[in-house]
1. For the condition acidic (Asp, Glu), out of contact with any helix residue (DSSP H, G or I) (no Cβ under 6 Å at 6 or more places or on another chain) and more than 27 Å from Lys220 (Cβ to Cβ), what is the one hit in Asp164, Asp138, Asp168, Asp123?
2. Name every residue in region 154-169 that is open to solvent by 40 Å² or more (accessible area, probe 1.4 Å) and closer than 23 Å to Asn208 by Cα, in order of residue number.
3. Can you work out which of the residues in region 174-188 that are touching a strand residue (DSSP E or B) at 6+ places or on another chain (Cβ under 8 Å) and over 9 Å from Cys206 (Cα atoms) is surrounded by the fewest Cβ atoms within 10 Å (Cβ to Cβ)?
4. Being surrounded by 15 or more Cβ atoms within 10 Å (Cβ to Cβ) and not aliphatic (A, V, I, L, M) is true for just one of Thr147, Thr151, Thr191. Which residue is that?
5. Out of curiosity, is Arg66 closer than 22 Å to Thr124 by Cα and surrounded by fewer than 19 Cβ atoms within 10 Å (Cβ to Cβ)?
6. Hey, among the residues in region 133-186 that are of a type in the set (Ser, Thr, Tyr) and farther than 15 Å from Gln229 by Cβ, which one's modelled with the highest pLDDT?
7. Search region 61-77 for residues that are within 17 Å of Lys46 (Cβ to Cβ) and pair each with any residue that is crowded, with 16+ Cβ neighbours inside 10 Å and among the aliphatic types (A, V, I, L, M) when their beta-carbon atoms are under 6 Å apart and the residues are at least 6 apart or on different chains.
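The values are calculated or read from the model by the stated rules, or taken from the named source; none is laboratory data. Remember, predicted model here, so these are calculated numbers, not experimental data. Cβ placement follows ideal geometry from the backbone for every residue including glycine, while neighbour counts extend to all protein chains displayed. Side chains included, ligands, DNA and RNA excluded: accessible areas come from the protein's heavy atoms. Shrake-Rupley method; radii C 1.70, N 1.55, O 1.52, S 1.80 Å.
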Amino acid sequence: MVSVTAALILVLFFLSTHSASGSYPQAQNVTWKSTNFKTILSWEPKPSANYSYTVEFSAVGGDKQRNPHCIRSSATVCDLSSSLTDVNACYMADVLSEPSLGATTDLIEFPYTSSPRFCPYKDTDIGKPNFKLEVNEDKKKTTLYVTDPLTALFKDGQQLNIRDIFADQLEYKVTYRKKQSTGKRVYNSKTNIIELPGLDKDESYCFNVQAYIPSRTVDKRLGELSQPQCSQDDNPHIFEVFIQRPG
């Protein structure tokens, strides 16, 4: 009789825990999105009123931590930019499905889904830079003055740019062409002041700039292309003159 009673208790316990855990669906499609070290963890689906999400993260081999803004939340994103303090480390995150804020449960462990590994220094995308275009009076020299994109990281109260983090690993790739041509040329520079030699002084040129970090994997070496800028054209194409002529 005792064994039957014990078995019944076990069955009831299993059913209750199975039902409770079933009311907290696991997160799906847990992914990282990071640009200039602005790093967002996202997942699906939007939770019902019966449960919420909590994010736990850690450097690989380190202790798990929680961001206070991502505990028992109905959101499906968590901004971990300020939490991933060591950009050279690699991180993992778990998205736990838990009771809604204020609710209680007998469960001790909650279903969770783990993220892929994320390494900020190697994996964050680099956004488009801004640059100023300057052509000297005799038009023999064209210079680009590139501004390093700002990041989401701060040190001693100062916002860091990508040069502060990548140092001499950061280069800029300039892609340019004559305004009336589709043929492109490429020039790489290790500095933010880029002088382009060998340009025809009677031609107008169009330029794009993007960050280039050769130490990264091939798919992460190049940043986003800047907005294009073109030098002044003293001899515009006859079609351009026509379409600009009033009336």
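1. Values: Asp164 fails: more than 27 Å from Lys220 (Cβ to Cβ); Asp168 fails: more than 27 Å from Lys220 (Cβ to Cβ); Asp123 fails: more than 27 Å from Lys220 (Cβ to Cβ).
Of Asp164, Asp138, Asp168, Asp123, the one residue that is acidic (Asp, Glu), out of contact with any helix residue (DSSP H, G or I) (no Cβ under 6 Å at 6 or more places or on another chain) and more than 27 Å from Lys220 (Cβ to Cβ) is Asp138.
2. From region 154-169, those open to solvent by 40 Å² or more (accessible area, probe 1.4 Å) are 154-159, 163-164, 167-169; that's our starting set.
Across region 154-169, the qualifying residues are Arg163, Asp164, Ala167, Asp168, Gln169.
3. If we filter region 174-188 for residues that are touching a strand residue (DSSP E or B) at 6+ places or on another chain (Cβ under 8 Å), which is where we start, we get 174-179, 183-188.
Applying the additional criterion that residues be over 9 Å from Cys206 (Cα atoms) yields 174, 183-188.
Details: Val174: 20, Gly183: 6, Lys184: 11, Arg185: 13, Val186: 9, Tyr187: 17, Asn188: 11.
Going through the qualifying residues, I end up with Gly183.
4. Working: Thr147 fails: surrounded by 15 or more Cβ atoms within 10 Å (Cβ to Cβ); Thr191 fails: surrounded by 15 or more Cβ atoms within 10 Å (Cβ to Cβ).
Unique residue meeting the criteria: Thr151.
5. Values: closer than 22 Å to Thr124 by Cα: yes; surrounded by fewer than 19 Cβ atoms within 10 Å (Cβ to Cβ): yes.
Yes.
6. The initial filter retains those residues of region 133-186 that are of a type in the set (Ser, Thr, Tyr), namely 142-143, 145, 147, 151, 172, 175-176, 181-182.
From the residues that got through so far, the ones that are farther than 15 Å from Gln229 by Cβ too are 151, 181-182.
Details: Thr151: 98, Ser181: 84, Thr182: 80.
Going through the qualifying residues, I end up with Thr151.
7. Cys70/Val55
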